[in-house]
Amino acid sequence: MTPLVECRRVGFSYPVRDGGARGAFAIHELSFSVEAGEILGVIGPNASGKTTLIRLLSRVLVPARGEIRLGGRPLGGFTRAAVATEIAVVPQDVPQSFPYTVEELVLMGRFPHAPGRLFESALDLDHARRAMAATGVFDLRGEPLGRLSGGERQRVMLARALAQRPRLLVLDEPTAHLDLRYQAECVGLLRRLNREAGLGIVLVSHDLNLAAEVCDRLLLLAGGRAARVGPVEAVLDEATLEAVYGCRIAVDKHPATGRPTVQVLWPT
């Protein structure tokens, strides 16, 4: 079966600015795939390459070496609008002063499907309202974004991504602004979309326990390289995590789910 998305020995480096002595950050020989209906977690310390990977997958950046394929086709052959009909990104930073209502912002997710059209169709409105209902923001549809809490804005951004009707959803720290209730609801929604709609999901997170609970496989990045990729239990290995994160770590099993749990062993 053809993977939904495949990175084949992808390399990329930012230009060196102002004669930087350390050189520019680079991605090196990165290879992995995401299947339809799979949740792949991308984890790693700061400056490991997670944000750069999101930009590469969404074609904001273009690989210098190797290739990214979407549904078996080179991603470089897609226009950005065409990529946006297949891949939706939910960013970590949510705008606070965007001068639009919730419904207007969610409807922007329909733009890639008809970029030359001036007005939304009845189908666009239906997709937007279904997305708002799924993320629990339908009752907020007339509210300006500036009046919403951080968690509400995060759910609106997820609704906008769902309105795109993508095959792949890329989430950057999706629960960062959510309280415990909405974290649980977000996880439940992602699982439902994954199982019922066959949506492929790339979940980028600093929360190793969230990734362990939700994901089918993990990609652990370190210094722009894949330190390890595979099943959750294989990647969340104490020795591997200690080497990547540079601190003492204990890995145990969750008493209810049996999934790995990760704890930092704080210095005494």
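The values are calculated or read from the model by the stated rules, or taken from the named source; none is laboratory data. Everything quoted here is computed from the prediction, not taken from an experiment. With ideal geometry, Cβ positions are generated from the backbone for all residues, glycine too; neighbour counts draw on all protein chains shown.
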Next item on the list: Among the numbered conditions (1) more than 30 Å from R129 (Cβ to Cβ); (2) among the aliphatic types (A, V, I, L, M); (3) touching a strand residue (DSSP E or B) at 6+ places or on another chain (Cβ under 9 Å), tell me where L203 comes up short.
Entry: (1)
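Would you kindly identify the helices (runs of 4 or more DSSP H) lying entirely within segment 161-268 that contain at least 2 residues that are of a type outside the set (A, V, I, L, M, F, W, C) and touching a His at 6+ places or on another chain (Cβ under 9 Å)? Reasoning before the result, please.
Details: elements: 180-196, 208-214, 232-235, 238-245.
Output list reads 208-214.
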Check: Among the residues of segment 42-70, which ones are small (G, A, S) and at positive phi?
Finding: G44, A47, G49, G66
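Collect the residues in segment 40-56 that are among the hydrophobic types (A, V, I, L, M, F, W, C) and modelled with pLDDT of 95 or more, keeping them in residue-number order. So that I can check it myself, show each step before the final result.
Let us first name the residues in segment 40-56 that are among the hydrophobic types (A, V, I, L, M, F, W, C), namely 40, 42-43, 47, 53-54, 56.
Within segment 40-56, L40, V42, I43, L53, I54, L56 meet the criteria.
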Check: Mind checking whether some residue in segment 132-143 is under 27 Å from V187 (Cα atoms), polar (S, T, N, Q) and either exposed (fewer than 15 other Cβ atoms within 10 Å of the Cβ) or free of Cβ contacts under 8 Å to residues at least 40 places away in the same chain (or both)?
Finding: no
Next item on the list: Determine whether segment 119-130 contains at least one residue that is farther than 13 Å from L105 by Cβ, assigned to a helix (DSSP H, G or I), touching a residue at least 60 places away in the same chain (Cβ under 8 Å) and in contact with a helix residue (DSSP H, G or I) (Cβ under 9 Å, 6 or more places away or on another chain).
Entry: no
Checklist line | Residues satisfying the stated conditions in segment 100-117, i.e. in contact (Cβ under 8 Å) with a residue 40 or more places away in the chain and of a type in the set (A, V, I, L, M, F, W, C) | finding: V102, L105, V106, L107, M108
Item checked: Complete set of residues in segment 131-149 that are farther than 24 Å from E86 by Cβ and assigned to a helix (DSSP H, G or I) -> F138, D139, L140, L145, G146, R147
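Looking at P260, P166, P174, can you tell me which residue is touching a Cys at 6+ places or on another chain (Cβ under 9 Å) and surrounded by 15 or more Cβ atoms within 10 Å (Cβ to Cβ)? Break it down stepwise before answering.
On the way: P260 fails: touching a Cys at 6+ places or on another chain (Cβ under 9 Å); P166 fails: touching a Cys at 6+ places or on another chain (Cβ under 9 Å).
After applying the criteria, what remains is P174.
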Notebook entry, point to check: Listed residues V202, V156; which is buried (at least 18 other Cβ atoms within 10 Å of the Cβ), out of contact with any Ser or Thr (no Cβ under 8 Å at 6 or more places or on another chain) and not small (G, A, S)?
Noted result: V202
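Out of E35, E29, report the one residue that is surrounded by 15 or more Cβ atoms within 10 Å (Cβ to Cβ), among the charged types (D, E, K, R), in contact (Cβ under 8 Å) with a residue 24 or more places away in the chain and more than 28 Å from E120 (Cβ to Cβ).
From the options E35, E29, the qualifying one is E35.
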Check: So which residues in segment 194-220 are farther than 20 Å from L4 by Cβ and charged (D, E, K, R), if there are any at all?
Finding: D207, E213
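Residues in segment 215-233: is at least one basic (K, R) and free of Cβ contacts under 8 Å to residues at least 24 places away in the same chain? Let's see the steps before the verdict.
Of all residues in segment 215-233, those basic (K, R) come to 217, 225, 228.
With free of Cβ contacts under 8 Å to residues at least 24 places away in the same chain added as a condition, the list becomes 228.
Looking through segment 215-233, at least one residue is basic (K, R) and free of Cβ contacts under 8 Å to residues at least 24 places away in the same chain.
Return a yes/no flag: does segment 68-91 have any residue that is more than 28 Å from R9 (Cβ to Cβ) and either of a type in the set (A, V, I, L, M, F, W, C) or without any contact (Cβ under 8 Å) to a residue 24 or more places away in the chain (or both).
There is no residue in segment 68-91 that is more than 28 Å from R9 (Cβ to Cβ) and either of a type in the set (A, V, I, L, M, F, W, C) or without any contact (Cβ under 8 Å) to a residue 24 or more places away in the chain (or both).
Here is a yes/no grid of residues against (1) at pLDDT below 85; (2) basic (K, R); (3) in contact with a Pro (Cβ under 6 Å, 6 or more places away or on another chain):
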| residue | (1), (2), (3) |
| --- | --- |
| L118 | yes, no, no |
| A128 | no, no, no |
| V137 | no, no, no |
| R165 | no, yes, no |
| D172 | no, no, yes |
| E185 | yes, no, no |
